[in-house]
Amino acid sequence: MSNSSKIIVVLGATGQQGGAVAAALRAESWAVRAVVRDPESAKAEALVRAGVETVRGDLGDPRSLRAAFAGAHGLFSVQPSPGQAGSGLTIEDEFSFAKNVGEAAQHAGVAHLVHTSTVAAGATPTGVPHLDVKSRIEDHLRTLNLLTTIVRPAGFMDTVLLPGMGLDKGQISYLMRPERALQFIAVRDIGRIVAAVFADPERYVGQTFEIAGDEVTGNELAGHLAVAIGSPVRYRRFAPELLGQTGELADNGRLAGHADLAALRARFPFLLTFPQWLAGPGAAHLEQARRPAQAITGLR
């Protein structure tokens, strides 16, 4: 059976990860069905123009999810997080959404569910509720009668250049100390990896693995940006009041990411380094980040 005859349902297709997954799947000729709250929104209509089927669904409504998943071969699962600025969600909202998704997928007979989590997930709690709920979600999905793969992306390269990160003032701020390294991944590459996972279920079903494309220190981050814009950039860590508990997690390695970059690049040769991302998909982000901004618009 060809990819074009198999439907992959994508959640969050109007957002970052889901949008990247939908684009990567379409590039590989999969039939893609996006579950959206408003099929008449501009973002949903853009998906239709890209060859994606859109259906109305609500993560809080299991019946709508069962209908949306009917006849699907695969499902990409991502939920909105209370850790996102302005989400208005609670920790239990996110867990309930993921529970609804998993159980609806099981009811619909979905053959392969791919769920995106975080590098901070694991058996030991972090003490940060919006991170620890990711571990609860992973554990719940593993109890279901579903063939599942869980990917744990590193920090998004795309969030480094949010407006308000300081680049318009010749500096850049992020989570780590200047000399400490964090792993990063381009959102585009999350989509491509997920597409590769759907294409090779025998290899990936039952696996949980971290994904990243590069590892850079705070000072290296500034150096790469300086080369990209042709003027000096200094690195300053976020202020403690903005970091909160994530500062400790960056220091103790819980947010650093521990993916084997060489092995990942051998398996997924398309993975971008941070300089490659700046010169390619990140160019538009770079231009936007250089414009004056009052404050950070949001953090992952």
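We did not get these values from a lab; they are worked out from the coordinates using the rules stated. Owing to the predicted nature of the structure, the values given are computational and were not obtained by experimental measurement. Every residue, glycine as well, gets a Cβ built from its backbone with ideal geometry; the counts of neighbours run over all protein chains shown.
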Remind me, relative contact order of the stretch 81-223 in percent, using alpha carbon pairs under 8 angstrom and six or more residues apart? 25
Fewest to most neighbouring Cβ within 10 Å: what's the order for S173, S4, S87? S4, S87, S173
Compute the Rg/Rh shape ratio of the stretch 1-131: radius of gyration over Kirkwood radius, all on alpha-carbon atoms. 0.97
With the dipole of the chain worked out from charges on the C-beta (+1 for Lys and Arg, -1 for Asp and Glu) around the Cα centre, which of A31, Y174, G74 lies farthest toward the positive end? A31
Compute a Gaussian network model of the chain, connecting alpha carbons closer than 10 Å, and tell me which residue from E202, E103, E45 fluctuates the most. E202
Can you give the relative contact order of the stretch 46-165 as a percent, counting alpha carbon pairs under 8 Å and 6+ residues apart? 25
Just grab the label-to-label distance for R267 and S29, each label 7 Å out from Cα along the Cβ direction, in nm (one decimal). 2.5
Surrounding net charge for Q183, when Lys and Arg each add one and Asp and Glu each subtract one, Cβ distance under 13 Å: -2
Largest-first principal axis extents of the Cα set of the chain (Å): 54, 40, 38
Evaluate the charge dipole of the chain about its Cα centre and quote only its size in Debye, nearest 20, assuming +1 on the Cβ of each Lys and Arg and -1 on the Cβ of each Asp and Glu. 360
Evaluate the relative contact order of the chain (contact order divided by residue number), counting alpha-carbon pairs under 8 angstrom at least 6 apart; express in whole percent. 18
Mind listing the phi-derived Karplus ³J(HN,Hα) values for the stretch 36-53, rounded to whole Hz, using 6.51, -1.76 and 1.60 with θ = phi - 60°, and x for any glycine or proline? 10, 6, 9, x, 9, 5, 4, 5, 5, 5, 5, 4, 4, 5, 8, x, 9, 6
Kindly identify the stretch 1-70 as rounded, prolate or oblate by the Cα gyration tensor criterion: order the square roots of the eigenvalues as a ≥ b ≥ c, call it rounded if a/c is under 1.5, otherwise compare a/b with b/c, prolate if a/b is larger, else oblate. oblate
If R0 = 51 Å, then R234 and Q207, at their Cβ-Cβ distance, give a FRET efficiency to the nearest 0.05 of 0.80
Quick check on the chain: helices-only [θ] at 222 nm, where DSSP H runs of length 4 and up contribute -39,500 (n - 2.57) each and the sum goes over total residues. Nearest 500, please. -11500 deg cm²/dmol
Would you mind estimating how fast the stretch 157-300 diffuses translationally, via Stokes-Einstein at 10 °C and 1.306 mPa s with the Kirkwood radius over Cα pairs, in µm²/s? 99
Collect residues whose amide H, placed 1.01 Å from N in the peptide plane, falls under 5 Å from the amide H of A13; neighbours closer than 5 in sequence don't count. V35
For the stretch 223-300, one quarter of the surface area of the C-alpha convex hull, expressed in nm², comes to 6.8
Express in whole angstrom the spacing between the alpha-carbon centres of the stretch 11-40 and the stretch 77-113. 16
For the stretch 74-151, report the convex hull volume of the alpha-carbon atoms normalised per residue, in Å³, without decimals. 83
Quick calc, the stretch 167-300, dipole around Cα centre from Cβ unit charges on Lys, Arg (+) and Asp, Glu (-), nearest 20 debye, gives 340
Let a ≥ b ≥ c be the square roots of the eigenvalues of the Cα gyration tensor of the stretch 190-255; is it rounded (a/c under 1.5), or, if not, prolate (a/b larger than b/c) or oblate? oblate
For P275, what is the net charge nearby, where nearby means another residue's Cβ is under 12 Å from its Cβ and Lys, Arg count +1, Asp, Glu -1? -2
Based on Cα coordinates alone, diagonalise the gyration tensor for the stretch 150-207, multiply each eigenvalue by 5, take square roots, and list the semi-axes in whole Å, largest first. 32, 13, 6
Relative to a virtual label point 7 Å from the Cα of S4 in the Cα→beta-carbon direction, which members of the stretch 188-206 show backbone nitrogen distances below 19 Å? 199
Apply 1/(1 + (r/R0)^6) to the Cβ-Cβ distance of A111 and A42, taking R0 = 41 Å, and write down the FRET efficiency to the nearest 0.05. 0.80
All other residues with a Cβ under 15 Å from the Cβ of D61 taken together, and with Lys, Arg as +1 and Asp, Glu as -1, what is their net charge? +1
